[in-house]
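Chemist: There's a structure below that I have some questions on.
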Amino acid sequence: MLTTKMREYRESIGITQTELAVRCHCRRETIGKLEAGRYNPSLRLAMDIARELGVTVYDLFFFSDDEPADFSSSLGVEYDSQQKK
């Protein structure tokens, strides 16, 4: 499951959901759903939000099971989830 620290970062710089939404050209409801974990952002939106909050996409979004997504079956390649970067 995709998890985010958006609310923490947003509150740390003192902006509202509405202000963040305006800066990222999306609706306040989208920001609320993202913070509640009920919506997965597009890559573009994730990058815009991260830029506005002054963090990286990797700082902002992560999988709560701490395991990388395994797309190997759809890509036709093997994937070693134990591989370290």
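The values are calculated or read from the model by the stated rules, or taken from the named source; none is laboratory data. In this text, all values refer to a predicted model and were calculated from it rather than measured experimentally. Glycine also receives a Cβ, built like all others from the backbone with ideal geometry; neighbour counts cover every protein chain displayed.
Chemist: Touching an Asp or Glu at 6+ places or on another chain (Cβ under 9 Å) and in contact (Cβ under 8 Å) with a residue 24 or more places away in the chain, is that true of Leu34? If you could, list the steps in order and put the result at the bottom.
Modeler: On the way: touching an Asp or Glu at 6+ places or on another chain (Cβ under 9 Å): no; in contact (Cβ under 8 Å) with a residue 24 or more places away in the chain: yes.
No, not satisfied.
Chemist: Exactly one of these conditions fails for Phe63: (1) loosely packed, with under 13 Cβ neighbours inside 10 Å; (2) modelled with pLDDT of 95 or more. Give me its number.
Modeler: The single condition Phe63 does not satisfy is (2).
Chemist: Quick one: which residue in Gly54, Gly37 is surrounded by 13 or more Cβ atoms within 10 Å (Cβ to Cβ), on the phi > 0 side of the Ramachandran plot and either out of contact with any strand residue (DSSP E or B) (no Cβ under 6 Å at 6 or more places or on another chain) or modelled with pLDDT of 85 or more (or both)? First the steps, then the outcome.
Modeler: Details: Gly54 fails: surrounded by 13 or more Cβ atoms within 10 Å (Cβ to Cβ).
The match here is Gly37.
Chemist: Separate question: Quick check on my filter: what residues within region 40-51 are charged (D, E, K, R) and surrounded by 13 or more Cβ atoms within 10 Å (Cβ to Cβ)? Working first, answer last.
Modeler: First, pick out the residues of region 40-51 that are charged (D, E, K, R): 44, 48, 51.
Answer for region 40-51, where residues must be charged (D, E, K, R) and surrounded by 13 or more Cβ atoms within 10 Å (Cβ to Cβ): Asp48, Arg51.
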